[in-house]
1. I'd like the chymotrypsin sites (Phe, Trp or Tyr not before Pro) in the range 56-125 restricted to DSSP loop residues with at most 15 other Cβ atoms within 10 Å, sorted by number.
2. I need the trypsin sites (Lys or Arg not before Pro) found in the range 261-301, filtered to DSSP loop residues with at most 14 other beta carbons within 10 Å of theirs.
3. Round to a whole angstrom and tell me the spacing of the C-alpha centers of the range 53-72 and the range 193-233.
4. Treating each Cα of the range 252-304 as an identical point scatterer and ignoring solvent, apply the Debye formula and state log10 I(q)/I(0) at q = 0.13, 0.17 Å⁻¹.
5. Could you list log10 I(q)/I(0) for the range 105-165 at q = 0.14, 0.17 Å⁻¹, which the Debye formula gives when each Cα is one point scatterer?
6. Taking the inverse of the average 1/r across all pairs of different Cα atoms in the range 15-248, what Kirkwood radius in Å do you get?
7. Of Lys57/Lys118; Lys113/Lys241; Lys41/Lys100; Lys89/Lys241, which pairs sit farther than 21 Å apart, going by alpha carbon to alpha carbon?
8. Considering only DSSP states other than H, G, I, E and B, which trypsin sites (Lys or Arg not before Pro) in the range 139-212 qualify as loop sites with at most 14 other Cβ atoms within 10 Å?
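What follows draws every value from the coordinates through simple rules; no lab data is involved. Bear in mind that the values here come from a model prediction, so they are computed numbers and not experimental data. Methodologically, a virtual Cβ is constructed for each residue, glycine included, from the backbone with ideal geometry; neighbour enumeration extends over all protein chains shown.
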Amino acid sequence: MKKKGLIIGIVSAVAALAVIGGVVTAVVLKGKSNESYRVIKVQEVEGHSYVNRGDIKDLQTFDGMVLQSGDQVIVDGNSTLVLALDEDKFCYLEENTELKLTAEGTSANSKTKIELVKGALTVDVQNKLSDASSFDVTTPNSTMAIRGTVVRTEYYKNEKGEFISKYTLLEGQIVCVSVDSNGNVVETFELTQGEEILIGSLGNNSIREIDLEDLPYTALDIFDKVSDRLDKNGATYQDLKSLMEELEEKDYYTVTFMYGEDEFAVQEVKNGDKMVVPTLSPSSAGSWFGDINLPVDRDLTIYWR
């Protein structure tokens, strides 16, 4: 099976974007006493993703684009986005993800906050944060504090209509809390490597071992690449490698065509073949959005827009 690579590069420039009169300009910022200011950079784009910045809407992302603290980032269906913060923090955004990113301070006392509105992302903090630094991921019903780890966060609505925050910890340790509608802490949880937790809006919270087969292919692909630099002795890594080998040998993949929250059509497509777009349309205006003309090498969801 052909995989789409998520390439991690090294960020060496410290820059911010200034949008003046429709022209994008790179502005270099210098700190005092050898301190360097934060840099948030688009490392790689696959498909379509956008940035909203104040009154400026729908700035299309591109490789090397420098983001600003406070930007809202939106990733479309069948698309992915890799962000690099400083030189050792990476965020892998999956399809249909929306978040707000705040990054303040310097590399020595960094304050990073990701507010996940919907979708999923994996955070890879490669070096332990300093005592003066913080990295938090929040959803409407939870908050997670990171020190140095690899963890996936997903916020979604289940089949019962309950909103769920799911944290899947591949490496390290995390502390996460459930919060009520006013932001007050309800319960605190500590997770270690190989565990995941589902925090429900109705207070149905549970810690369990990672269920790799419950994760989408995109998340498994991210875990597989990130784990190349991690310790391979744990059972989670061995299970991950075995599962990826099985997926590579799949003969067919499922392509689901969605109209809003409803399934419009489902088809099985042979590995390497192209999907067949439904003859009938769900509405008089719009079109199927995604890489509909590329060979299918994984399970896909195509949305009507």
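1. Answer in residue order: Phe62.
2. The qualifying sites are Lys274.
3. 29 Å
4. Ignoring solvent entirely, the Cα scatterers give -0.27, -0.47.
5. Debye output, listed in q order: -0.44, -0.60.
6. One decimal place: 18.4 Å for the Kirkwood radius.
7. Lys113/Lys241; Lys89/Lys241
8. For trypsin sites (Lys or Arg not before Pro) across the range 139-212 that sit outside H, G, I, E and B with at most 14 neighbouring Cβ atoms in 10 Å, the list reads Lys160.
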